[in-house]
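Below: the structure, in structure tokens.
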There are 2 protein chains.
Amino acid sequence: MSDQQTRGRPRVNPLFLRDEDLREAIELLFFAYRDFTGEADAVLDAFDFGRAHHRIIYFVGANPGISVGELLAILKITKQSLSRVLSQLVDEAFITQETDANDRRRRRLYLTDKGASLERQLTDRQSRRVAAAFRDAGADAVAGFRTVMRGIINEEDRDRVLRYRDEAS
Amino acid sequence: MSDQQTRGRPRVNPLFLRDEDLREAIELLFFAYRDFTGEADAVLDAFDFGRAHHRIIYFVGANPGISVGELLAILKITKQSLSRVLSQLVDEAFITQETDANDRRRRRLYLTDKGASLERQLTDRQSRRVAAAFRDAGADAVAGFRTVMRGIINEEDRDRVLRYRDEAS
DNA sequence: GAATATATGTCAATAACACTGACCAATTTT
DNA sequence: AAAATTGGTCAGTGTTATTGACATATATTC
């Protein structure tokens, strides 16, 4: 291949990380995310849902009673965008809305049994892929994976990732 | 089908991986990818480009002389989708097409200077984020990150990720 | 109690990015 | 000569997102 013009460049950085190492990381993120999300697509198609539905179902499942505003903060989309998909999920009885007892402006979201069943189908497929990678990589590698991934996430959002771990301890 | 709840879930799996660990990984992938791709958005907006443009510019930059078909295989989109964005990039002189000397059906793609300059702007921002995470995590963690991420990628696509490492050795 | 802020929802218009299907042209392979 | 490959294009469609404007209910503050 004709190489070496755009790619030979050492482009050294002050952290002693080679440019290639960083490019590799960029590609790992691209491909891993592409294949990881692709995992659920077949299931979603059967329900005539897209990835937006998946994200909502996942985060409502992981955070029962989450409010609309909190969900927006996680997804970082506009409320109009959320509304379209969320209304569908409510209409088709995958999600229920309950008015908060203390602050009656808030609508708390929960999965119905139907929604929980779908969530399980979707999450299990992705979990299996991750579990296989974890098993092959070993415990130390998994720890490194966690550390690096957390470091990539915006500092202010790191504590949005799965609180059980910290709560449980 | 609908078994025990969804979330009281010990839901033990045979690999001794707790369900929470796998859910955490799912969320790490979501948030890290969200913030990582968000990094380039400001730059793209200035050029009136979207993420599709970014992906093309990135992969043409990383693989100078790549053919349209190879690019399609990497991006896993249809050629009609690629065409729309690629034509724009060619029209605006970020990318050039050159007919392959040996097989005149093939169009090989290259970044122009203008394209390479934009690619650098985009990649540098993302690299900085990854470099910071790598620096904070340490070399062992980085190795683990690489191993796990590769494991998540479809087996048949693992060798699409950055070949320099293996070629160079 | 009135004014203001907050949480949510909705209408309308628009755009980015993807899809399918059908077809064409140039070129290479068999 | 026929078939396969590579790439491009036209037309129509769908999903997911956007911005802006406005409405409603409720809570908080002065």
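The values are calculated or read from the model by the stated rules, or taken from the named source; none is laboratory data. Note that the coordinates shown come from a computational prediction; the quantities given were computed from them, not determined experimentally. Quick reminder, even Gly has a Cβ in these numbers, built from the backbone with ideal geometry, and neighbours come from all protein chains shown. Only protein heavy atoms, including side chains, enter the accessible area calculation; ligands, DNA and RNA are left aside. Shrake-Rupley method; radii C 1.70, N 1.55, O 1.52, S 1.80 Å.
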For peptide A:54-60, compute the average count of partner chain beta-carbon atoms within 10 Å of each residue's beta-carbon.
-> 1
Fraction of the pair-distance distribution of the stretch A:19-153 above 25 Å, Cα-Cα pairs, percent | 37
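Per DSSP helix of 4 or more residues, -39500 (n - 2.57); summed, then divided by the residues of the protein assembly as shown. What does that give at 222 nm, rounded to the nearest 500?
After summing the helix terms and dividing by the residues of the protein assembly as shown, the value is -20500 deg cm²/dmol.
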Determine how large the accessible area of B:Lys76 is when every protein chain is in place; take a 1.4 Å probe and give Å² rounded to the nearest 10.
-> 110
Expected field for A:Ser87, accessible surface area in Å² at 1.4 Å probe radius, rounded to 10, holds 50
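So what's the projected area for the protein assembly as shown, the Cα convex hull averaged over all directions, in nm²?
Result: 19.6 nm².
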Quick one: compute the contact order of the stretch A:19-153, relative version, from alpha carbon pairs under 8 angstrom and 6+ residues apart, as a percent.
-> 25
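If you count, for every residue in A:120-131, the Cβ atoms of partner chains within 10 Å of its Cβ, what is the mean?
5
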